[in-house]
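Everything on this sheet refers to the single structure shown next.
The values are calculated or read from the model by the stated rules, or taken from the named source; none is laboratory data. Quick caveat, the model's predicted, so the values are computed rather than measured. Note that each Cβ is placed from the backbone with ideal geometry, even for glycine, and that neighbours are counted across all protein chains shown.
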Amino acid sequence: MTNQNNEAPSKNINELIHDARAPLNRISMQAELIKLVIENEMPPEKALEAANKIIDSCQECSQFLEQISNK
Amino acid sequence: MLNILLVDDDEEFTNVACHIIEFLGHDTSTASSLEEAYQILEFNDFDHIFLDFMLPDGSGLHLIDHINKSNKSPYITLITGHPLVKGMLSSLCGPKIGYLAKPLQREDLEQALSHKTQKKPSKKNDSSMPTKHFDCLIGESKAMQELYTMIERVARTQANVMLMGESGVGKEVVAQAIHYATNKANNSEYELVASNCGAISKDLITSELFGHEKGAFTGAIAKKEGVFQRAGNGTLFLDEVTEMPIDMQPNLLRVLENKKVTPVGGAKEIDVNCRVISASNRSVAEIAEKKCLREDIYFRLAVFPISIPALRERKEDIPLLANTFLNELNNEYDRNHQWDATQLQRLVDYDWPGNVRELRHTIHRAFIMSDPQSASVELPKDFRSPFSSISEQKHSLTAGQTIEDVEKELIKVTLADVNGNKSLAAEMLGISTKTLYNRLHAYGDFKD
């Protein structure tokens, strides 16, 4: 029983870390998109949209971190 | 242009990745589940598939099985957000299957799509690894940014490039970068052929450059293609081009002008279509003054001259380079050495007359000296190599200097060399210690 109890939370943490990588991945790719927009002088709206999505993903990431810290 | 399928249930990621991949000049399709991917694959062929490891209706591995059973063989890059899965995937990876770990960067996608070796699974400190521009160049300084812009611009043309810079700045690496950028701009996979003009004997240089027919001369037992031919539509890198004997240079000029070569002993001219990147560690002024390259050849080779900055002109890149070299060694020998801030500062403070090559060698030496059990690096007290000290000791004598100035300079240099030991300095200078003290007092600006 003790073992199971010990394993369960660590699994959850791994899962949470895994989940946190999804918004991180979106942040990274949106930032790359902003670079492309700037480098190629594309319409700034695209960059703005990507920046907003980055902010959303940061919030999401922060929530995951919160959950991890509560473990 | 490649036809690419992205399989991932994260819609925002697939959308933005599609944008980026399409910008890189490829066509994309997306699927958010295995089922959807099976359907798309039934009616479409793809060159490359980016595949999330965990999908709502199963693992990405099922899709690999499915593809293996069909007669299709696209390149596959598995994308995982799970650190534990990373190790498992690396054992799966074959020549056509690679993997990337989230978070992805544009460069990861580009590298995967170039179908070259993917990141080594054992690589440590991935997050702290600096960006490798054009897959090989490291540095974010202004001087390097300017260099990257020049590489980007010239890659879109066929112009011949001449690389100039001190010994050890990485001329061959810049040549590779131009070649890489050219292949990327044209979506091609041509070859880079390198030849060192300074290392080939005068008798063999024509045969090396233009090839020879069987029996063209004693010892020519078989036909040989020259480097111009071997480079095809790709890039020919001629290192130390200024060391080529001047009487051999007209042959080179003819090829550069006519874009045709005639192998030694051959009757037929062969068309050549490669870009020539040449390199020299002499400055333009020296090339002109010493006439080591004919003027007409210089203008043919240096349609686009690029000067590569010395390491001391981009000191802010030294920590990036030092970390990269140390990480490479750590990975190779499975160790975990790290720099401390003082060591990095010492590396930054030194002038590196032998440039990046010298930095790399110094780090390698320090790595060998370091205790494998400890995380610290044994950086030597003095970086100066025999070669760098020679160049450092070149104190210029110019007409018009007074004997007193020269004497003062000589005493200063000698004292610096023996760490201020006056008896030793006096002995080296062939004067008594007393005389040395007298001189020092007379100059007044030396401390006792």
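Restricted to region B:55-100, and to residues there that are modelled with pLDDT of 75 or more and of a type in the set (Ser, Thr, Tyr), the residue that is nearest to A:Arg21 (Cα to Cα) is B:Thr80.
Looking only at region B:231-288, which residues are among the basic types (Lys, Arg) and within 18 Å of B:Ile306 (Cβ to Cβ)? Residues satisfying the conditions are B:Arg275, B:Arg282. Restricting region B:164-197 to residues that are within 25 Å of B:Met248 (Cα to Cα) and of a type in the set (A, V, I, L, M, F, W, C), which is surrounded by the most Cβ atoms within 10 Å (Cβ to Cβ)? The qualifying residue surrounded by the most Cβ atoms within 10 Å (Cβ to Cβ) is B:Ala175.
Condition check ((1) modelled with pLDDT of 90 or more; (2) in contact with a Gly (Cβ under 8 Å, 6 or more places away or on another chain); (3) of a type outside the set (Gly, Ala, Ser)) across all residues:
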| site | (1), (2), (3) |
| --- | --- |
| B:Glu11 | yes, no, yes |
| B:Thr14 | yes, no, yes |
| B:Glu35 | yes, no, yes |
| B:Asn44 | no, no, yes |
| B:Phe53 | no, yes, yes |
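Of B:Leu24, B:Leu6, B:Leu2, all but one fail to be within 13 Å of chain A (Cβ to nearest Cβ), closer than 30 Å to A:Ala51 by Cα, touching a residue at least 60 places away in the same chain (Cβ under 8 Å) and aliphatic (A, V, I, L, M); the exception is B:Leu24.
Among the conditions (1) within 23 Å of the chain's Cα centre (by Cα); (2) in contact (Cβ under 8 Å) with a residue 60 or more places away in the chain, B:His364 misses just one, which is (2). Residues in region B:302-337 that are assigned to a loop (DSSP other than H, G, I, E, B), surrounded by fewer than 17 Cβ atoms within 10 Å (Cβ to Cβ) and at pLDDT below 90: B:Asp334, B:Asn336.
Identify all residues within region B:240-257 that are under 29 Å from the mean Cα position of the chain (by Cα) and without any contact (Cβ under 8 Å) to a residue 40 or more places away in the chain; write none if there are none. Answer for region B:240-257, where residues must be under 29 Å from the mean Cα position of the chain (by Cα) and without any contact (Cβ under 8 Å) to a residue 40 or more places away in the chain: there is none.
Condition first: touching a Leu at 6+ places or on another chain (Cβ under 8 Å) and crowded, with 16+ Cβ neighbours inside 10 Å. Now tell me which residues in region B:131-150 satisfy that. Hits for region B:131-150 are B:Leu137, B:Ile138, B:Gly139, B:Met144, B:Leu147, B:Tyr148. Remark: pairs (first residue in region A:23-47, at negative phi and buried (at least 18 other Cβ atoms within 10 Å of the Cβ); second residue in a loop (DSSP other than H, G, I, E, B) and aliphatic (A, V, I, L, M); Cβ separation under 7 Å; 6+ apart in sequence or on different chains) = A:Asn25/B:Leu104; A:Ser28/B:Leu104; A:Met29/B:Leu104. Residues of region B:52-76 that are in a strand (DSSP E or B) and more than 14 Å from chain A (Cβ to nearest Cβ): B:Gly58, B:Tyr75, B:Ile76. Residues in region B:265-286 that are crowded, with 20+ Cβ neighbours inside 10 Å and in a helix (DSSP H, G or I): there are none. Considering only region A:21-42, state which residues are under 18 Å from B:Glu152 (Cα atoms), at the interface with chain B (Cβ under 7 Å from one of its Cβ atoms) and either assigned to a loop (DSSP other than H, G, I, E, B) or of a type in the set (Gly, Ala, Ser) (or both). Result: no residue meets the conditions. Confirm whether B:Leu253 is over 21 Å from B:Arg153 (Cα atoms) and in contact with a Leu (Cβ under 9 Å, 6 or more places away or on another chain). Spelling it out, it is not the case that B:Leu253 is over 21 Å from B:Arg153 (Cα atoms) and in contact with a Leu (Cβ under 9 Å, 6 or more places away or on another chain). Scanning region B:36-78 for residues that are surrounded by fewer than 18 Cβ atoms within 10 Å (Cβ to Cβ), among the acidic types (Asp, Glu) and touching a strand residue (DSSP E or B) at 6+ places or on another chain (Cβ under 9 Å) gives B:Glu36, B:Asp45, B:Asp47.
Of all residues in region B:230-256, those satisfying the criterion of being in contact with a strand residue (DSSP E or B) (Cβ under 6 Å, 6 or more places away or on another chain), part of a helix (DSSP H, G or I) and farther than 20 Å from B:Asn281 by Cβ are B:Arg230, B:Val255. Checked against (1) modelled with pLDDT under 85; (2) among the aliphatic types (A, V, I, L, M); (3) over 25 Å from B:Gly165 (Cα atoms); (4) part of a helix (DSSP H, G or I), B:Ile390 passes all but a single condition, namely (3). Can you tell me which residue in region B:156-214 is modelled with the highest pLDDT, limited to those that are in a loop (DSSP other than H, G, I, E, B) and of a type in the set (Ser, Thr, Tyr)? It comes out as B:Thr157.
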